[in-house]
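A short write-up of the structure that comes next.
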Amino acid sequence: MIGLSLYILADTYFISKAVGANGITALNMALPVYGVIFALGQMVGVGSAIRYSIVKEQYRNSNKDGSNECDKYFSGALFWGLVIGVIFAVVGLVFPDKIVEIMGGDETIVAIGVPYFRIFMSFSPFFIFNYTCNAFVRNDGNPSVSMAATLISSLFNIVFDYILMFPLGMGMPGAALATALSPVVGVMICMIHFLSKKNTVKFKWFKTSLTRLFHCCQVGMSAFVGEMSGAVIVMVFNFIILRLTGNIGVAAYGVVANTALVAVAVFNGVALGSQPLISESYGKHNIKDIKLIEKLGVATALGLAVIIVMMIWGFTDTIVGVFNSQGSDRLLSLARVGLRIYFIGFLFAGINIFCSSALSAIASVKWAFVLSILKGFVVVNVCAAILAPIFGMNGVWVAFPLSEFILLIISGFAMKKSIGALESER
């Protein structure tokens, strides 16, 4: 997951060198669109993989052959991923200028952003396929191939970012093309597992089932809202910051948001790595192991959060300087304060991300949905709307840690209630 986030940092770095602050602003306006595509890919792909993992364990415990039922989840995920991806591709090809304008771009940002949006959105099906294949490879007992696919595709993106933007002089379109091709590489690496003897899941032609899709989306909802929340937060913050400080403020937030993606990726890695273990334990009705993994996950998230916050506070100016190629004092001032305040929120956000994933893994659909909705669409936006008019940019930065602290209380309650319900059922 860290590898997956690094290519966005590479985009930000190379774009800052090639285009400057306006390029970072355009990229930051693309993040919500990325978020929506990734969120849908997570909901369908990860949700289907969770159902597959639970069903596989249930059939294994009953000594019955459930391979046909398992294949339906994989095949359905690919089919619906294609449908969703094609819709985004068509919209990106036909209306890229309108999308940049909706994201808040003025004439300058539209001119820079349209080629970028058109290229990366046309590859939307591959972004969703990559999420789906990665989730099924991981849940089919081959996390090494899953990790290799992510790291190699990210490395490909970083290398070709440089090649296409500088030696070939393609600028923003080059950055978009490198990003768009990276999931194709990821899918190709995942094929190593699907073509191996270790593979237990296959694509087959089945009659599509909306009921099965709904069941997958239920447990994939927290993953969906987890990704979607990032998109919504970036979009809302962009609009608020545009009113407060204009494009330079959005560029500063772009530095904060893109750096934060690395932290989010760390905690997503903990959550996604734990999910197959929790789902397997849930399928076996092993409450003791679920509790153990919960404790390990929370402790790991908190420990990593402390390390991340210390690194941000220790190297703030260095991090901002990497993306401040034009040496803007205003950008440095805004981003410095933003990084230090915003990242305090990860002391709470890491645990919240893990808990949200764990709730989905034990099919606690209600609590996973409630927590995800509060996280993505309610608490942080309410905090930002209240604090920004009073404290300006500092209010924007404080909104994230305050909202995550509130959500931490709700997450703890939800986990306690859900595990208590599992013990009662036993």
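Some notes on this structure:
- Positions within the range 224-267 being at pLDDT 85 or above and hydroxyl-bearing (Ser, Thr, Tyr), in sequence order: Thr245, Tyr253, Thr259
- Residues within the range 278-292 that are surrounded by fewer than 18 Cβ atoms within 10 Å (Cβ to Cβ) and not in a loop (DSSP other than H, G, I, E, B), tallied: 5
- Of all residue pairs spaced 6 or more apart or on separate chains, those with beta-carbon atoms under 9 Å, a first member in the range 281-305 that is more than 30 Å from Arg340 (Cα to Cα) and among the aromatic types (Phe, Trp, Tyr) and a second member that is open to solvent by less than 80 Å² (accessible area, probe 1.4 Å) and part of a loop (DSSP other than H, G, I, E, B) are Tyr282/Ile362; Tyr282/Ala363.
- Against the test of being under 21 Å from the mean Cα position of the chain (by Cα) and at negative phi, the options Gly395, Gly350 yield a single qualifying residue, Gly350.
- Taking (1) within 26 Å of Val94 (Cα to Cα); (2) modelled with pLDDT under 90; (3) of a type outside the set (Ser, Thr, Tyr); (4) in contact with an Asp or Glu (Cβ under 9 Å, 6 or more places away or on another chain) in turn, Gly174 satisfies each apart from (2).
- Boolean, Pro125 is at pLDDT 90 or above and closer than 23 Å to Asn199 by Cβ: yes
- Cross-chain or 6+ apart pairs with Cβ under 6 Å, the range 323-341 first and of a type in the set (Gly, Ala, Ser), then open to solvent by 50 Å² or more (accessible area, probe 1.4 Å) and in a helix (DSSP H, G or I): Ser325/Lys17
- None of Met170, Met235, Met165 is in contact with a Leu (Cβ under 6 Å, 6 or more places away or on another chain) and over 22 Å from Asn134 (Cα atoms) except Met170.
- The one condition in (1) in contact with a Lys or Arg (Cβ under 7 Å, 6 or more places away or on another chain); (2) part of a loop (DSSP other than H, G, I, E, B) that Cys216 fails to fulfil: (2)
The values are calculated or read from the model by the stated rules, or taken from the named source; none is laboratory data. Because the structure is a prediction, the values reported are computed rather than measured. Methodologically, a virtual Cβ is constructed for each residue, glycine included, from the backbone with ideal geometry; neighbour enumeration extends over all protein chains shown. Heads up: the accessible areas ignore ligands, DNA and RNA and are worked out on the full protein's heavy atoms, side chains in. Shrake-Rupley method; radii C 1.70, N 1.55, O 1.52, S 1.80 Å.
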